[in-house]
Amino acid sequence: MDNVILYGVVVILIVLNIVLTMLYFSAKNNPYYVVYDEETKNALKRRVTSLKEDLESELVDFDIEEWERTLEESIDEEVRNL
């Protein structure tokens, strides 16, 4: 009886080692991160900053009341089309 439990534990540990090895090599071959050189990193930072400034300027001009009216009109039109 003890030998069966011991063999079961050994088999489980072997399977676990195989799965962990597969995960290790999978992560090694396909990393979740990308390394950029300094020039590319700076270009991306400038682009993100530019997009952020554009978005902030758009939000200043955004009229919530007009958007709500347009949304209500659109919903009313969809209901009438049903």
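The values are calculated or read from the model by the stated rules, or taken from the named source; none is laboratory data. Values in this document were obtained by computation on a predicted structure and should not be read as measured data. Only protein heavy atoms, including side chains, enter the accessible area calculation; ligands, DNA and RNA are left aside. Shrake-Rupley method; radii C 1.70, N 1.55, O 1.52, S 1.80 Å.
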Review point. In the stretch 53-65, what count of residues is obtained for those that are open to solvent by 100 Å² or more (accessible area, probe 1.4 Å) and of a type outside the set (A, V, I, L, M, F, W, C)?
Key: 4
Review point. Could you list, in sequence order, the residues of the stretch 19-47 that are open to solvent by 90 Å² or more (accessible area, probe 1.4 Å) and either in a helix (DSSP H, G or I) or of a type in the set (Gly, Ala, Ser) (or both)?
Key: 20, 22, 23, 24, 25, 28, 29, 38, 39, 45, 46, 47
